[in-house]
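Notes follow the structure.
Values quoted throughout were computed directly from the atomic coordinates according to the rules given, and no laboratory measurement underlies them. Just so we're clear, the structure is a prediction, and the values are computed from it rather than from any experiment. Every residue, glycine as well, gets a Cβ built from its backbone with ideal geometry; the counts of neighbours run over all protein chains shown.
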Amino acid sequence: MAIANNKTQCFTCNRDKITYLCKGCLKEFCRTHLAEHQQMLNDELNHIADKYNEFKQRINEQKAQTFINDIEKKLNDLSEQIKQIHKENDFNEINLNYLRNRLTEITRELNNPTHISIQQNSQSFINEISEKPNVITVTGGNGQGQQLNQLNFPYGIFVDEKKNIFIADYANHRIIEWKYNTKKGKIIAGGNGQGNRIDQLNEAKFVIVDQQKHSIIIADSENRRVIQ
């Protein structure tokens with residue numbers, strides 16, 4: 001009586017053996033190479049966990065400058081999922097792809113923040129604005145133009161601890177510093193026409209002030225560069 005042949009080819013060694021299907025990658029592995037495949041998945045999970053820890057450190061370093069509560073909440077949720085997978089030790093490529101994609105999404109969100117950055121200790125200024133019964137104009141409001149009391153499509157802003165407002169004046173290709181309670185601003189970067197020279201900007205979108213180093217960081221979008 002012939003013995004039924006229940007052997008199939010192992011994806012790794014290409015030999016006909018009793019194999020086991022990995023439902024994550026849908027490949028068949030013999031017992032030996034299934035263990036190796038599982039170890040590879042473990043290594044990948046550890047790699048994702050390392051990337052998470054690096055990202056968490058980056059979040060902690062930026063807390064002093066920006067409000068990132070929403071990103072941190074998403075990161076904490078991801079941390080719980082990684083811990084749960086580690087604890088259960090029952091996962092495949094589908095789970096790893098989800099974790100990897102989620103971490104990529106959160107990283108992208110941090111790298112492309114909302115248009116407004118606020119120094120953490122400027123909260124009193126925000127409260128002051130919130131308590132005012134009517135909307136007020138704090139910069140610009142004098143029509144579209146290039147004068148120091150005008151703006152042309154202001155995009156990103158940054159408010160420092162002294163309540164000064166730094167504006168990425170997008171269509172004027174310049175960065176304006178508008179000191180608190182004044183009627184006009186001062187050009188601190190660009191303002192020399194649209195271009196790619198070191199003294200020019202091209203549709204700058206974001207600005208952050210590093211007060212410790214007394215410098216500004218600008219996302220010069222159409223020049224595809226970030227300058228300091």
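Would you mind calculating the relative contact order of the stretch 8-111 from Cα pairs under 8 angstrom and at least 6 residues apart, reporting the percent as a whole number?
On the way: 75 pairs, mean separation 25.7, N = 104.
About 25 percent, as a whole number.
Separation between the Q144 and Q57 pseudo-spin-labels, each 7 Å from Cα along Cα→Cβ, expressed in nm?
4.7
Excluding same-chain residues fewer than 8 positions from K73, which lysines have a Cα within less than 24 Å of its Cα?
In chain and number order, the partners are K51, K56, K63, K83, K87.
Quick one: net charge around E177, please, counting Lys, Arg +1 and Asp, Glu -1 for every other residue with C-beta under 15 Å from its C-beta.
Working: positive: K162, K163, R174, K179, K183, K184, K186; negative: D160, E161, D169, D210.
So the environment of E177 carries a net charge of +3.
How many nm is it between the label spots at R31 and I227, if each spot is 7 Å from the Cα in line with the beta carbon?
The answer from the label model is 6.7 nm.
Quick one: which residues, 5 or more positions from A189 or on another chain, have an amide H under 5 Å from its amide H? H modelled 1.01 Å from N in the peptide plane, none for Pro or chain starts.
I175
What net charge is computed for the residues neighbouring C10, neighbours being all others with C-beta under 12 Å from the C-beta of C10, Lys and Arg scored +1, Asp and Glu -1? Provide the component values of the computation, followed by the final result.
Details: positive: K7, R15, K17, K27, R31; negative: D16, E28, E36.
Computed value for this residue: +2.
Amide H to amide H under 5 Å from A204: which residues, 5+ apart in sequence or cross-chain, H placed 1.01 Å off N in plane?
Excluding prolines and chain starts, which carry no amide H, the hits are H173, R174, S221.
Full extension from D199 to N42: what is 0.36 nm times the residue separation minus their Cα-Cα distance, to one decimal in nm? Mind dumping the intermediate values first?
Details: separation 157, 0.36 × 157 = 56.52 nm, distance 5.01 nm.
Length gained, D199 through N42: 51.5 nm.
Can you pull out the GluC sites (Glu not before Pro) in the stretch 176-228 whose DSSP state is coil and whose Cβ has at most 10 other Cβ atoms within 10 Å? Mind dumping the intermediate values first?
Details: sites: E177, E203, E222; in loops: E203.
Counting only loop positions with at most 10 other Cβ atoms within 10 Å, none of the GluC sites (Glu not before Pro) in the stretch 176-228 qualifies.
Count charges around N192 for me, please; just the other residues with Cβ under 11 Å from its Cβ, Lys/Arg as +1, Asp/Glu as -1. Can you show the working numbers first?
Values: positive: R174, R197; negative: D199.
Once positives and negatives cancel, what remains is +1.
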